[in-house]
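Structure record follows, encoded as structure tokens.
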Amino acid sequence: MKIVYYILLAAMMLLSSCGKKNFADDILKMQSHPIDLTSCERAVCYENGVESIYNGADSAYKLIIYIDSFSCSPCFVSHMSDYLGTVEELDSAGIRTIFIFEPEKEKEEDVLSALERFPTPLTALVIKNGVFVSTNPHLSSTSVLHSFLLNRDNEIMIVGNPARNDKIKELMLNIVKTGKTQ
């Protein structure tokens, strides 16, 4: 019986370390190329429930929160206000937060109407036809890795969601304060 226990324990440890290695590999792949934000210039932009013009050149640091076609984009819109406190704190430090939605074609209108129904002061872009992911093939398909801090050159500095992890938020704030990663 003890042998079965040790085999199960070893298997769980191996699987756990493989998962960490996959995350590390995905992050390294994501950091291998800058993020191409040209598709954002043609995106539909919403702020305060009103369509506006996106201007991405206004900040040295950008936090991208990417909601891909596999996520329930309209559902996410209804919970964007959960990010307000974190976004305000990051914004006061010089980090602009941008929510990028890339819904399935069938859900595009649902996302646009949800952005009108649930107005927030947050910047939300709706990019159509999978252009964002096709111009950034180095992005991970793992949704946990779809929040990342970019520098002025659109290079990924940190991967993680500061609204869900205070240590990630501290790292982001420290990068802006010191101007470098640790």
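The table below lists the values:
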| item | result |
| --- | --- |
| Meets criteria (surrounded by fewer than 18 Cβ atoms within 10 Å (Cβ to Cβ) and touching a residue at least 24 places away in the same chain (Cβ under 8 Å)) for Pro137 | no |
| Candidates Gly94, Gly85 - the one that is surrounded by fewer than 20 Cβ atoms within 10 Å (Cβ to Cβ), in contact with a helix residue (DSSP H, G or I) (Cβ under 8 Å, 6 or more places away or on another chain) and not charged (D, E, K, R) | Gly94 |
| Some residue of segment 49-68 being assigned to a strand (DSSP E or B), surrounded by fewer than 14 Cβ atoms within 10 Å (Cβ to Cβ), at pLDDT below 90 and touching a Cys at 6+ places or on another chain (Cβ under 9 Å) | yes |
| Search result, residues across segment 108-124 that are of a type outside the set (A, V, I, L, M, F, W, C) and either touching a Gly at 6+ places or on another chain (Cβ under 8 Å) or within 20 Å of Ser81 (Cβ to Cβ) (or both) | Asp110, Ser113, Glu116, Arg117, Pro119, Thr120, Pro121, Thr123 |
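The values are calculated or read from the model by the stated rules, or taken from the named source; none is laboratory data. Worth saying up front: this structure is predicted, and the values here are computed from it rather than measured. Positions of Cβ are generated from backbone atoms using ideal geometry, with glycine treated the same way; all protein chains shown enter the neighbour counts.
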